[in-house]
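Below you'll find the structure, written out as structure tokens, and then a few comments.
The values are calculated or read from the model by the stated rules, or taken from the named source; none is laboratory data. Since the model is a prediction, treat every value here as computed from it, not as a measurement. We place every Cβ from the backbone using ideal geometry, glycine too, and count neighbours over all the protein chains shown. Heads up: the accessible areas ignore ligands, DNA and RNA and are worked out on the full protein's heavy atoms, side chains in. Shrake-Rupley method; radii C 1.70, N 1.55, O 1.52, S 1.80 Å.
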Amino acid sequence: MISDPPKSRDWWPDLEDLRLANTAVVVLNTSIENPPKLVRHLWNNSWLRVTVDGGTNKWHSFVKQNSFDDLKFPDLITGDLDSANPAVVDQFVSMGSTIIPTPNQDETDFTKALKEVKKYSAKHCKSIDSIIVMVNMCHRVDHFLSNLNTLYKSKTKDLYFDEDIYLLGRNSLTWLLQAGTHRIHVPQSLRFHPENNYVGFFPMGSACNECTTTGLKWNLSGKPMEMGGLTSSSNTFNGEPIVTITNSSPLLWTMTMGYEESF
């Protein structure tokens, strides 16, 4: 059960304009396939940088493959460390990274990393607004579903985060819409090219008994949504600057970001 009551929220999903001074970036064990300049912008300007287990290897490969000479080292390296290359870990430690082993096998490395972000921010008396997580959204179905499960759990009483958690896949951004009314401010670069930019939203945890939207090509008007019933995929924007969604229970919102065209 989601613990937050229904609320009204505005969302601005343009990562280039996100207030990164209050943001953490987490790299899971996934290939980093977003535009390198965007990755550098997010990484260097965030308050906290974390690599998780094999994500440490992937970040090291990203650093080697790109010509940036100003990329910062990870602040934290977490996970059970069964996939991380010890030589890579040692290299980052020599640069100043801190290792936090999290061997508990009852939770995923993603879940444990979120807990470490919370501990670190509390220790430094820092309030974080958002966490951007670089994830695998296509190659492994088990990883994909596990990441969505952690995202859902992040708003339950057992693992509650005030922070907004975004899953950044290859050219996509995904996050959880709790019960309430949401206004998603569509980046101008996406509004007028609906043939290349898709959105989808799906019930999470239980059926959504009522969902109403505006600003989409195919809107809903008080419709129930559930797995095995109605969901919305391959939807897109209708040119309006704001998409509104009123939902009676949690929905997963996902959208392509057009980075391949803009970078």
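Ignoring ligands, DNA and RNA, what percent of the 1.4 Å accessible area of the chain is carbon and sulfur? Please list the in-between numbers first.
On the way: 6230 of 12310 Å².
On the chain, the fraction of accessible area on carbon and sulfur atoms equals 51 percent.
Mind telling me which of His193, His124, His60 comes out most flexible in a GNM of the chain, alpha-carbon contacts under 10 Å?
Highest fluctuation of the listed residues: His124.
Would you mind getting the accessible area per residue of the chain, heavy atoms of the protein chains only, 1.4 Å probe, in Å²?
Result: 47 Å² of accessible area for each residue.
Each label point is 7 Å from the Cα along the Cα-to-Cβ direction; what then is the distance between the points at Leu145 and Lys157, in nm?
Rounded to a tenth, the inter-label distance reads 2.7 nm.
Provide the packing ranking of 7-20, 201-214, i.e. peptides ordered by the mean count of other C-beta atoms within 10 Å per residue, highest first.
Working: 7-20: 14.3, 201-214: 18.6.
Most protected by this proxy first, the peptides run 201-214, 7-20.
Determine the distance separating the Cα centre of the stretch 14-28 from the Cα centre of the stretch 208-224; give it in Å without decimals.
29 Å
Could you grab the relative contact order for the stretch 29-75? Cα pairs under 8 Å, six or more apart, rounded to a whole percent.
It rounds to 52 percent for the stretch 29-75.
So if I take the centroid of the Cα atoms in the stretch 58-100 and the same for the stretch 160-198, what is the distance between those two points in Å?
When both Cα centres are located, 29 Å separates them.
Please list 155-167, 218-230 highest first by mean number of surrounding beta-carbon atoms within 10 Å per residue. Write down the numbers at each step before the final one.
On the way: 155-167: 16.2, 218-230: 13.5.
Packing order, densest peptide first, comes out as 155-167, 218-230.
Would you mind checking the tilt of helix 36-45 against the longest principal axis of the Cα atoms of the chain, expressed as 0 to 90 degrees and rounded to 10?
Taking Cα atoms only, the helix is inclined about 80 degrees.
Under 21 Å between alpha carbons: how many lysine pairs meet that in the stretch 53-203, if sequence neighbours fewer than 8 apart on the same chain are excluded?
Total qualifying Lys-Lys pairs in the stretch 53-203 comes to 23.
Give me the distance in nm between label points sitting 7 Å out from Cα along the Cα-to-Cβ direction at Asn22 and Ser127, one decimal.
0.6 nm
In degrees from 0 to 90, rounded to the nearest 10, what is the angle of the helix 55-65 Cα long axis to the longest principal axis of the chain?
Between helix and principal axis, roughly 80 degrees.
Only Lys, Arg, Asp and Glu count, each charged at its Cβ (+1, +1, -1, -1), so figure out the dipole size of the stretch 101-260 about its Cα centre, rounded to 20 debye.
Here the size comes out at about 220 debye.
Once label points are set 7 Å from the Cα along Cα→Cβ at both Ser61 and Lys7, what is their separation, rounded to one decimal in nm?
Reported label-point gap for Ser61 and Lys7 is 3.7 nm.
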